[in-house]
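Student: Got a structure for you, written out below as structure tokens; questions coming shortly.
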Amino acid sequence: EETKLLQKLYDFLTAKEFQIQMKGVALLLDLCKSSPQLISSNIVQIFGGFVLRIGDSHKKVKQQALEVLALMIDVLRDVVSPVLIRLIEAVTSNLNSKHPGIYAA
């Protein structure tokens, strides 16, 4: 069952349609809250898809991903080290955003 859930999450995060991508970001946050062990034990694979959303060309997806990341860091702070460099690169690419929601996130 966990494998199916992880596959669904990855499929959502890597989908072409922005609405499905946003569902993936929301699902990731839900899983961080309800099953942090599942996320932490698969963090490299999961964040491979999630980092794409932080750099997404769709502003709503990007903003939601940055906001969710801020919430997830508290839960995952002890296990985020394997993906930290990728996260920092993705987040810093948004620091000069002219979009107020993205910049604030």
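The values are calculated or read from the model by the stated rules, or taken from the named source; none is laboratory data. Since this is a predicted model, take the numbers as computed values, not measurements. FYI the Cβ positions are ideal-geometry reconstructions off the backbone, even for glycines, and counts take in every protein chain you see. SASA here: full protein model, heavy atoms, side chains in, ligands and nucleic acids out. Shrake-Rupley method; radii C 1.70, N 1.55, O 1.52, S 1.80 Å.
Student: Give the angle, between 0 and 90 degrees and rounded to the nearest 10, that separates the Cα long axis of helix 18-34 from the longest principal axis of the Cα atoms of the chain.
Tutor: Its long axis makes an angle of about 50 degrees.
Student: Using a Förster radius of 22 Å, what is the FRET efficiency between Leu27 and Leu95 based on their Cβ-Cβ separation? Nearest 0.05, please.
Tutor: Result of the calculation: an efficiency of 0.25.
Student: I've got another one for you. What fraction, in whole percent, of alpha-carbon pairs in the chain exceed 23 Å separation?
Tutor: 19 percent
Student: Next up: Gain in length, Leu71 to Ser34, computed as 0.36 nm per residue apart minus the alpha-carbon separation, to one decimal in nm?
Tutor: Using 0.36 nm per residue and subtracting the Cα-Cα distance, I get 12.0 nm.
Student: Mind running the shape call on the stretch 8-49? Use the C-alpha gyration tensor, a ≥ b ≥ c as the square roots of the eigenvalues: rounded below 1.5 for a/c, prolate if a/b tops b/c, oblate otherwise.
Tutor: oblate
Student: Please state the relative contact order of the chain as a whole percent: Cα pairs under 8 Å, 6+ residues apart?
Tutor: 26 percent
Student: Subtract the Cα-Cα distance of Gln19 and Leu52 from 0.36 nm times their separation in residues, and report this length gain in nm to one decimal.
Tutor: Gain on extension, Gln19 to Leu52, equals 10.4 nm.
Student: Hey, what's the stretch 1-104 come to in accessible area per residue, 1.4 Å probe, Å²?
Tutor: Using a 1.4 Å probe on heavy atoms only, each residue of the stretch 1-104 averages 61 Å².
Student: Round to the nearest 10 and give me the degree value, 0 to 90, for the angle of helix 59-76's Cα axis relative to the longest principal axis of the chain.
Tutor: 50 degrees
Student: Can you return the lysines within cross-link range of Lys62? Criterion is Cα-Cα under 21 Å, with same-chain partners fewer than 8 residues away left out.
Tutor: Lys8, Lys16, Lys23, Lys33, Lys98
Student: If I fit a long axis through the Cα atoms of helix 2-13 and take the longest principal axis of the Cα atoms of the chain, what angle between them do I get, 0 to 90°, rounded to 10?
Tutor: Around 10 degrees separate the two axes.
Student: Longest exposed-loop-site-free stretch of the chain, with trypsin sites (Lys or Arg not before Pro), DSSP loop and at most 12 other Cβ within 10 Å?
Tutor: Result, exposed sites excluded: 17-76.
Student: Taking all protein chains as present, what is the carbon and sulfur share of the accessible area of the chain, in % to the nearest whole number, probe 1.4 Å?
Tutor: Percent of accessible area from carbon and sulfur atoms in the chain: 55.
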